[in-house]
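A.B. asks: Take a look at this one; I'll ask things after.
The values are calculated or read from the model by the stated rules, or taken from the named source; none is laboratory data. Predicted model only: the values in this text are computed from it and were never measured. Cβ coordinates were reconstructed from backbone atoms using ideal geometry, including for glycine residues, and neighbour counts include every protein chain displayed.
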Amino acid sequence: MSRTNFDTLLEAGCHFGHLKRKWNPLMAPYIFMERNGIHIIDLHKTVAKVDEAAEALKQIAKSGKKVLFVATKKQAKQLVADKAVSVGMPYVIERWPGGMLTNFPTIRKAVKKMATIDKLKSDGTYSNLSKRENLQIDRQRAKLDKNLGSIADLSRLPSALFVVDVMKENIAVREAKRLGIPVFGIVDTNSDPENIDFVIPANDDATKSIEAILNPCCAAIAEGLEERKAEKIDMEAAGEAKAAANAKKSVRARIDKKDNAAINEAKRAAVAKDDEE
C-alpha cells in the first residue's frame with residue numbers, strides 16, 4: 001500500500017515547479033507539463049519516489065542508524081525540526097557548518113565544549129569569574145547551542161541525509177557525496193538531481209508541500225524504530241528462554257548424576273552383601 005497518494009500531494013501544492021526559464025533540464029523526466037510559464041511536476045512519479053525513499057529510511061532506522069535532516073530555509077526550518085525531534089533524529093536548521101561531515105571530529109569537539117561549559121557551571125568552577133567573563137561564556141554557549149545543539153547526540157557520522165532544497169544545501173550534499181553518505185532530497189524543477197540518491201520531485205518552497213513529503217517519510221522512520229524495538233524485546237525474551245532452558249538442563253543433569261551415584265552405591269552394597277554370604 002502506498003504511503004501517500006496523488007490527491008494529498010495535489011492538495012498540498014507539491015506539483016508546482018519553478019518558472020520554465022529557471023528549470024534544470026535534468027529534471028525533465030519528472031515534469032508533467034508547462035502551464036502559464038510554470039513547470040508542473042508529475043505527482044504520480046512523486047508518489048512512487050516517496051514510497052521508495054520511505055522504505056529505505058525505514059530500513060536505516062530499523063538498523064539503529066541516524067538520518068540527519070537539513071533545512072535552513074525559513075519556511076522549512078521549524079517544520080523539519082519538529083518532525084526530526086518526533087522521530088529522535090538529529091537536524092540542522094541554522095547555517096550549515098562547513099566541514100560538518102568531512103571534518104566531523106572538529107565538530108564533535110565543539111559539541112563537547114558545550115557539555116564541558118555546562119559541567120563547569122554546575123560544579124561552581126565559573127563562580128569565581130567576573131560578570132563580564134561569565135557573560136562571554138554564556139554567549140559562546142548560546143551560539144554553540146544554536147548551531148550545534150540539535151546534533152549533540154550525533155556521536156558518529158549519520159548514515160543518510162534528508163535535505164529540503166538540494167540547491168540551497170549544496171554544500172551539505174557535496175560533503176555527503178564525498179563520504180559516500182546517501183542523500184534523500186526534495187528536488188524542485190530548478191535543481192540538479194544527479195547527486196541525489198533518492199530524488200523526491202516536489203515543490204520545495206511551500207510549507208504544506210514540504211510537510212506532505214515529510215509526513216510519510218517520518219512515519220516510515222517511526223515504523224523502523226518500532227520494529228527495531230520489537231525485535232530487541234523478542235531477542236531478549238529468546239535469550240531469557242534459552243537461559244531458562246539451559247538452567248533446567250543443568251538441574252536435570254545434576255539430578256541424573258545424583259540418581260546414577262545412588263544406583264552405583266546400591267550396586268556396590270549388593271555386591272558387598274553377596275561377598276559376605
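A.B. asks: Please go through (1) surrounded by fewer than 20 Cβ atoms within 10 Å (Cβ to Cβ); (2) in contact with a His (Cβ under 9 Å, 6 or more places away or on another chain) for Glu94 and return the number of the only condition it doesn't satisfy.
C.D. replies: Going through (1) surrounded by fewer than 20 Cβ atoms within 10 Å (Cβ to Cβ); (2) in contact with a His (Cβ under 9 Å, 6 or more places away or on another chain) one by one, Glu94 breaks only (2).
A.B. asks: Then there is this: What are the residues in segment 87-126 that are under 19 Å from the mean Cα position of the chain (by Cα) and within 23 Å of Asn203 (Cα to Cα), if any?
C.D. replies: Tyr91, Val92, Ile93, Glu94, Trp96
A.B. asks: Just give me the residues in segment 199-208 being surrounded by fewer than 21 Cβ atoms within 10 Å (Cβ to Cβ) and of a type in the set (S, T, N, Q), in sequence order.
C.D. replies: Within segment 199-208, the subset surrounded by fewer than 21 Cβ atoms within 10 Å (Cβ to Cβ) is 205-208.
The one that is surrounded by fewer than 21 Cβ atoms within 10 Å (Cβ to Cβ) and of a type in the set (S, T, N, Q): Thr207.
A.B. asks: Scan segment 66-76 and tell me whether some residue there is among the small types (Gly, Ala, Ser) and farther than 20 Å from Gly13 by Cβ. Spell out the reasoning first.
C.D. replies: To start, the set of residues in segment 66-76 that are among the small types (Gly, Ala, Ser) comprises 71, 76.
Adding the requirement that they be farther than 20 Å from Gly13 by Cβ leaves none.
No - not one qualifying residue is present in segment 66-76.
A.B. asks: Which members of segment 9-22 meet the condition of being exposed (fewer than 15 other Cβ atoms within 10 Å of the Cβ) and closer than 22 Å to Cys217 by Cα?
C.D. replies: Hits for segment 9-22 are Leu10, Glu11.
A.B. asks: Inside segment 61-75, can you point out the residues that are more than 12 Å from Cys217 (Cα to Cα) and outside any loop (DSSP other than H, G, I, E, B)? Write out each step before concluding.
C.D. replies: Pass one, segment 61-75, residues more than 12 Å from Cys217 (Cα to Cα): 62-66, 68, 70-75.
Residues satisfying the conditions are Lys62, Leu68, Val70, Lys74, Gln75.
A.B. asks: Filter segment 23-58 down to the residues that are over 27 Å from Ile181 (Cβ atoms) and surrounded by 14 or more Cβ atoms within 10 Å (Cβ to Cβ) and list them by number.
C.D. replies: Trp23, Ile31, Phe32, Glu34, Ile38, His39, Ile40, Asp42, Leu43
A.B. asks: Return yes when Asp7 is free of Cβ contacts under 8 Å to residues at least 60 places away in the same chain, assigned to a helix (DSSP H, G or I), closer than 30 Å to Ala230 by Cβ and not β-branched (Val, Ile, Thr) and no when it is not.
C.D. replies: Numbers: free of Cβ contacts under 8 Å to residues at least 60 places away in the same chain: yes; assigned to a helix (DSSP H, G or I): yes; closer than 30 Å to Ala230 by Cβ: no; not β-branched (Val, Ile, Thr): yes.
In short, no.
A.B. asks: Among what's in segment 180-198 and is hydrophobic (A, V, I, L, M, F, W, C) and out of contact with any helix residue (DSSP H, G or I) (no Cβ under 6 Å at 6 or more places or on another chain), pick the residue that is surrounded by the fewest Cβ atoms within 10 Å (Cβ to Cβ). Before you say what the answer is, go through the steps one by one.
C.D. replies: Filtering segment 180-198 for residues hydrophobic (A, V, I, L, M, F, W, C) gives 181, 183-184, 186-187, 196, 198.
Next, only the ones that are out of contact with any helix residue (DSSP H, G or I) (no Cβ under 6 Å at 6 or more places or on another chain) stay: 181, 187, 196.
On the way: Ile181: 18, Val187: 28, Ile196: 21.
Here the answer is Ile181.
A.B. asks: Moving on. Give me a count of the residues in segment 101-127 that are in contact with a Leu (Cβ under 9 Å, 6 or more places away or on another chain) and either among the aliphatic types (A, V, I, L, M) or not in a helix (DSSP H, G or I) (or both). Break it down into steps so the answer makes sense when it comes.
C.D. replies: If we filter segment 101-127 for residues that are in contact with a Leu (Cβ under 9 Å, 6 or more places away or on another chain), which is where we start, we get 101-102, 104, 107-108, 110-111, 113-114, 117, 126.
Among the residues that remain, those that are also either among the aliphatic types (A, V, I, L, M) or not in a helix (DSSP H, G or I) (or both) are: 101-102, 107, 110-111, 114, 117.
Count: 7.
A.B. asks: Could you list, ordered by first residue, the pairs with Cβ atoms under 9 Å in which the first is in segment 93-117 and on the phi > 0 side of the Ramachandran plot and at pLDDT below 90 and the second is surrounded by 14 or more Cβ atoms within 10 Å (Cβ to Cβ) and not in a loop (DSSP other than H, G, I, E, B), at least 6 apart or interchain?
C.D. replies: Close Cβ pairs satisfying both conditions: Gly99/Ile107; Gly99/Glu175.
A.B. asks: So, of the residues in segment 130-147 that are assigned to a helix (DSSP H, G or I) and not charged (D, E, K, R), which turns out to be nearest to the chain's Cα centre (by Cα)? It would help to see each step written out before you state the result.
C.D. replies: Our first condition is that a residue be assigned to a helix (DSSP H, G or I); within segment 130-147, this holds for 131-147.
Imposing the further condition that a residue be not charged (D, E, K, R) reduces the set to 134-137, 140, 142, 144, 147.
Details: Asn134: 36, Leu135: 35, Gln136: 34, Ile137: 32, Gln140: 28, Ala142: 25, Leu144: 22, Asn147: 19 Å.
Out of the qualifying residues, it is Asn147.
A.B. asks: Sticking with this one: Restricting to segment 153-209, what's the tally of residues that are among the small types (Gly, Ala, Ser), in contact (Cβ under 8 Å) with a residue 60 or more places away in the chain and more than 20 Å from Ile40 (Cα to Cα)? Show your work before the answer.
C.D. replies: Filtering segment 153-209 for residues among the small types (Gly, Ala, Ser) gives 155, 159-160, 172, 176, 180, 185, 191, 202, 206, 209.
When the remaining residues are screened for being in contact (Cβ under 8 Å) with a residue 60 or more places away in the chain, the result is 159-160, 172, 176, 191, 202, 206, 209.
Checking the rest, the ones that are also more than 20 Å from Ile40 (Cα to Cα) come to 159-160, 172, 176.
Qualifying residue count for the region: 4.
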